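In what follows, a single structure is set out as structure tokens and then discussed.
The values are calculated or read from the model by the stated rules, or taken from the named source; none is laboratory data. Here the structure is a predicted model, which means the values were calculated and not measured. Cβ sites come from the backbone with ideal geometry, for glycine too, and all protein chains shown count toward neighbours.
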């Protein structure tokens, strides 16, 4: 973990920079997404078609939507998808 000092409105404060957490990991939607989406909707009945709809280039939005709906972290959703 690194620290950086910043001046703002004549106040000194510290920002903690965590190199591993600066950008979310890149996640690629599997080729069989339609099948996985059906499994997710069966397991988590409160997911809707809109929640699991994949639009190319919008992977982060898809993961965020599912994570929000399931009240989970993004990393947990990725683990669920990879395990399905």
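In the set (1) at pLDDT below 90; (2) more than 19 Å from residue 82 (Cβ to Cβ), residue 48 fails one condition alone, (1). Criterion applied to 81, 29, 66 was being surrounded by 15 or more Cβ atoms within 10 Å (Cβ to Cβ), outside any helix (DSSP H, G or I), in contact with a helix residue (DSSP H, G or I) (Cβ under 7 Å, 6 or more places away or on another chain) and free of Cβ contacts under 8 Å to residues at least 60 places away in the same chain, and the one residue passing it is 29. Please give the number of the condition residue 13 fails out of (1) modelled with pLDDT under 65; (2) out of contact with any strand residue (DSSP E or B) (no Cβ under 7 Å at 6 or more places or on another chain); (3) outside any helix (DSSP H, G or I). Single failed check for residue 13: (2).
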